[in-house]
Amino acid sequence: MGLLALVAANISHADTTPADLRAAAEQAVRTQYGATGSRVVIMPTQLNARLHLAACPLPLQTRIPMRQGTPSRVAVAVSCAGHPGWTIQVPVQMQVFRNVLVTSRPLARGDMPGPADVHTEERDVARLGYGYIESLDQILGHSLGRPLIAGVALEPGDLNGRETVRAGEEVQLVAQLDGIEVRTRGMALDGGDTGARLRVRNDNSGRVINGVVIGEGQVQALP
């Protein structure tokens, strides 16, 4: 059905106006994305003021396309299931604010962020295309896979898996000497995941050696 066929021939009836369409679309967006803890801000969008669709005898229906994450712009299908039936796409631009974890200070790769390293801040999650983190439970026990400056929202991709070496536990210290691999025991003074740098106290010499975690309970000594 073409758009012209949707236009009411007799405007003396209560036509469906652009304001009606926007109100239905915006309410659908608020319902879809206004979950507990979210604050939805709708950015004004203009429809053709001369657009008058035939009055709908039933409540307007809306449908939002399924998408991953939180987009900043969606096209809401607003339709009338009565006679004459019609559907029109209404663009809605929005911001969705949630409290997310943000770094309080610069952090290095391999660091394991804790309560002193992060704080919550309200951010527009529609602009965080790679996801976001909302609670400390999601980061405790994880190390960082890359360095972060202060004031950035933490993303799931910033985190490595849970730590494979814990501070205070006995580890196997692996060193290369003249092409020969030497293994000895030591105590980890820091914790970290694979790839994290930490310190190990050699049980034999008592020296503190810098190393890199290469596996569960294993640390490669740095030259």
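Go through 97-105, 42-50 and give me the packing order, highest mean Cβ count within 10 Å leading. Write out the running numbers ahead of the final one.
Working: 97-105: 18.3, 42-50: 10.2.
So the peptides 97-105, 42-50, ranked by packing, come out 97-105, 42-50.
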Structure-based [θ]222 nm, the chain - -39500 (n - 2.57) summed over DSSP H runs of at least 4, per residue, nearest 500: -2500 deg cm²/dmol
For the chain, report the % of Cα-Cα distances exceeding 28 Å. 54 percent
Determine, from the Cβ-Cβ distance of R30 and H83 and an R0 of 30 Å, the FRET efficiency 1/(1 + (r/R0)^6), rounded to the nearest 0.05. 0.55
Specify the angular offset, from 0 to 90 degrees and rounded to the nearest 10, of the alpha carbon long axis of helix 18-33 from the longest principal axis of the alpha carbons in the chain. 30 degrees
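Which peptide among 140-153, 185-198 comes first, and what is the full order, when sorted by highest mean count of other Cβ atoms within 10 Å?
Working: 140-153: 16.4, 185-198: 19.1.
Packing order, densest peptide first, comes out as 185-198, 140-153.
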Quick check: convex hull over the Cα atoms of region 81-147, volume per residue in Å³, rounded to an integer? 131 Å³
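Which value, in debye to the nearest 20, describes the size of the charge dipole of the chain about its Cα centre when Lys and Arg Cβ atoms bear +1, Asp and Glu Cβ atoms bear -1, and nothing else is charged? Please list the in-between numbers first.
Values: 21 positive and 21 negative charges, 100 e Å.
Using Cβ point charges on Lys, Arg, Asp and Glu, the chain gives about 480 debye.
What FRET efficiency, computed as 1/(1 + (r/R0)^6) with R0 = 45 Å and r the Cβ-Cβ distance, is obtained for L47 and E155, rounded to the nearest 0.05?
Details: r = 35 Å, r/R0 = 0.79.
With a Förster radius of 45 Å, E is 0.80.
What is the percent carbon and sulfur in the accessible area of the chain, measuring with a 1.4 Å probe over the protein chains and ignoring ligands?
Numbers: 6520 of 12720 Å².
Percent of accessible area from carbon and sulfur atoms in the chain: 51.
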In bins 10 Å wide, starting from 0, what share of all Cα pairs of region 47-169 does each bin hold, as a percent? 12, 30, 20, 14, 12, 9, 2, 0
If you count only protein heavy atoms with a 1.4 Å probe, what accessible area per residue comes out for region 109-223, rounded to a whole Å²? 56 Å²
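Under 13 Å from the Cβ of A153, count the other residues' Cβ atoms, weight Lys and Arg +1, Asp and Glu -1, and hand me the total.
Values: positive: R98, R123, R127; negative: E121, E122, D124, E134, E155, D158.
It works out to a net charge of -3.
May I ask for the longest run of the chain untouched by GluC sites (Glu not before Pro) that are loop-located per DSSP and have at most 15 neighbouring C-beta atoms (other than their own) within 10 Å? Spell out each step's value before the answer.
On the way: sites that count: E134, E169, E216.
So the longest stretch without any such site is 1-133.
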If we count every other residue with Cβ under 15 angstrom of N204's Cβ, Lys/Arg +1 and Asp/Glu -1, where does the sum land? +2
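The values are calculated or read from the model by the stated rules, or taken from the named source; none is laboratory data. From a predicted model like this one, the values you see are computed outputs, not experimental measurements. Quick reminder, even Gly has a Cβ in these numbers, built from the backbone with ideal geometry, and neighbours come from all protein chains shown. Heavy atoms of the whole protein, side chains included, go into the accessibility calculation; ligands, DNA and RNA do not. Shrake-Rupley method; radii C 1.70, N 1.55, O 1.52, S 1.80 Å.
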